[in-house]
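Here is the structure we will look at, set down as structure tokens.
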Amino acid sequence: MNFKKLTSPLLLVVGLFLVASFSIEHASFHSGIMGVIGCACLLAALIISQWSALQAGNRRTKRVVVFVAVLLGLIVILNIVEVVL
């Protein structure tokens, strides 16, 4: 079986499961390392599934990957800010 066909859905499911560890309680945003790992898994699944389009230089795919990376990065930054404050 092809590596991309096996790992991309697996990373997506694991990432969704781990991102579900984020919770919103009393106007604050909680997660642990599991949520951060989940975000990384989701981004990796997207990159693996769109690898051929990224290598071909498809601008739309690059924009989508960067947009998702920024959103997931924002989630991680909010988590760090919440822990610090």
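The values are calculated or read from the model by the stated rules, or taken from the named source; none is laboratory data. All values derive from a computational prediction rather than experimental measurement. Virtual Cβ from ideal backbone geometry, glycine too; neighbours counted across all protein chains shown. Side chains included, ligands, DNA and RNA excluded: accessible areas come from the protein's heavy atoms. Shrake-Rupley method; radii C 1.70, N 1.55, O 1.52, S 1.80 Å.
I'd like to verify a number: residues in the range 43-73 that are of a type in the set (A, V, I, L, M, F, W, C) and in contact (Cβ under 8 Å) with a residue 12 or more places away in the chain, how many? Here the count works out to 12. Where helices (runs of 4 or more DSSP H) sit wholly within the range 1-81, those with at least 3 residues that are modelled with pLDDT under 80 occupy 3-19, 33-49. Inspection of the range 39-56 identifies no residue that is open to solvent by 80 Å² or more (accessible area, probe 1.4 Å) and farther than 20 Å from Phe3 by Cα.
Of all residues in the range 59-76, those that are open to solvent by 70 Å² or more (accessible area, probe 1.4 Å) and farther than 14 Å from Val19 by Cα total 7.
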